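Report on the following structure.
The values are calculated or read from the model by the stated rules, or taken from the named source; none is laboratory data. Computed from a predicted structure; not experimentally measured. We place every Cβ from the backbone using ideal geometry, glycine too, and count neighbours over all the protein chains shown. The area values use the complete protein model at the heavy-atom level, side chains included, leaving out ligands, DNA and RNA. Shrake-Rupley method; radii C 1.70, N 1.55, O 1.52, S 1.80 Å.
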Amino acid sequence: MDVAVGVGHTCVLTTDNRVTCWGDNKERQTDVPTGLGTVIEIEAGREHTCALNDQGNVYCWGINNYGQLDVPPELQDVNQIVSGPDNICARTHGEYVCWGRNDYGQSSIWYNFH
């Protein structure tokens, strides 16, 4: 089981790989979308939530005031996600990709670590 905690909401990844969320929902951060597939990891930011499925796809929902829901369309084969308050990063087989709030350059990375 995986747990993700935002400022006013909480989500859990159940033993059957489904996401359940509760708490503050003013930005729809607890409205889990359908069609996520088999979820293997969840992360929560201030008022957004993201899930990674077993196909390497990332889905995000909630507030999008800094583009934190705008998963790069070319992003594929993700094997890990991590969230900040208003941004998110994903690790693929060779790169780190971040998007969302970028006041200090924290989301301007597309880093190849090979």
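Scanning the chain for chymotrypsin sites (Phe, Trp or Tyr not before Pro) lying in DSSP loops with no more than 16 further Cβ atoms inside 10 Å, the longest uninterrupted stretch between such sites is 1-103. Note that the chain presents 53 Å² accessible area per residue, ligands and nucleic acids not counted, probe 1.4 Å.
Tally up the carbon and sulfur contribution to the accessible surface of the chain as a whole percent, 1.4 Å probe, everything protein left in place. Please report the intermediate quantities before stating the final value.
Numbers: 2850 of 6080 Å².
The computed percentage sits at 47.
Under 5 Å between amide hydrogens, built in the peptide plane, is the criterion, and for residue 95 it picks out 113 among residues at least 5 positions away or on other chains. Only one of (1) 47, 28, 26; (2) 32, 31, 26; (3) 37, 30, 20 was calculated from the structure for Cα extents along the principal axes in Å, and its label is (3). At a threshold of 8 angstrom on Cα-Cα distance, excluding pairs fewer than six apart, so keeping six or more, what relative contact order does the stretch 4-114 reach in percent? RCO, the stretch 4-114: 18 percent. Between residue 22 and residue 75, the simple label model (points 7 Å from Cα in the Cβ direction) yields a spacing of 2.9 nm.
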